[in-house]
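First comes the structure, then the notes that go with it.
Values quoted throughout were computed directly from the atomic coordinates according to the rules given, and no laboratory measurement underlies them. What you see is a predicted model, and the numbers here were worked out from it, not measured in a lab. Here Cβ is always computed from backbone atoms with ideal geometry, including for glycine, and neighbour counts include all displayed protein chains.
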Amino acid sequence: MAKVISLNEYIVQKKKRSYSSRSLTHPIWFHEISDGIKSLALRDKDVIYNNIKYNYYDEYLYFVNRNHMALEDYTFEDYLKDTINLNEPFDIVHGVEFSKGYDLNRLSENDWENIADIIVRISITTILFQENFVLEPNQLADEYDWDSIGFDYNL
């Protein structure tokens, strides 16, 4: 199972640069974690892909056999491209877990799931399209409902 460790370090770095200490009543701003989300997605893309392959390879084999296809003619990557719509939020078994940092413990479970989904979408897009097309977290954030994350569109 993939273990994507702490977005907390990215928040701390951002705060050291330009923010003073904030109380727990202030939102976490998406622009504070955007770079961390992208970095984690790119760093752990191979682990995330391997976990997805582990969880979906049997479905792929069933599909290929049912349709009388050769494995070399229709790869697992082809199957993912045809099966997963990366243009919208999705639910896929990916094994992303977080170690929640102190500064991020005010995020809801929904927010953590949204962040994990964005990380997986960026990772898989990068793997499937050979880094010719890398999604930006900001492009995806508006597609989700957030509980504890704020947005400042002027940045």
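Descriptive notes on the structure:
- Modelled spin labels at SER108 and ASP142, positioned 7 Å past Cα toward Cβ, are 2.1 nm from each other.
- Taking amide H atoms as placed 1.01 Å from N in the peptide plane, the amide H of ILE28 lies under 5 Å from those of GLY150, each 5 or more residues away in sequence or on another chain.
- Peptides 27-37, 77-87 ranked from most to least packed give 27-37, 77-87, packing being the mean of other C-beta atoms within 10 angstrom over each peptide's residues.
- Under 20 Å from the PHE151 label point (7 Å along Cα→beta-carbon), backbone N, the stretch 27-44: 27-39
- Amide H partners (placed H, <5 Å) of LEU107, local residues excluded: none
- Karplus-based coupling profile of the stretch 66-72, in residue order and whole Hz: 4, 9, 6, 10, 8, 4, 6, with θ = phi - 60° in 6.51 cos²θ - 1.76 cosθ + 1.60 and x standing for Gly or Pro.
- Listed peptides 136-142, 54-60 by packing density, highest first (mean Cβ within 10 Å): 136-142, 54-60
- A straight chain from HIS31 to ASP58 at 0.36 nm per residue would run longer than the Cα-Cα distance by 5.9 nm.
- Between PHE129 and LYS81, the simple label model (points 7 Å from Cα in the Cβ direction) yields a spacing of 1.2 nm.
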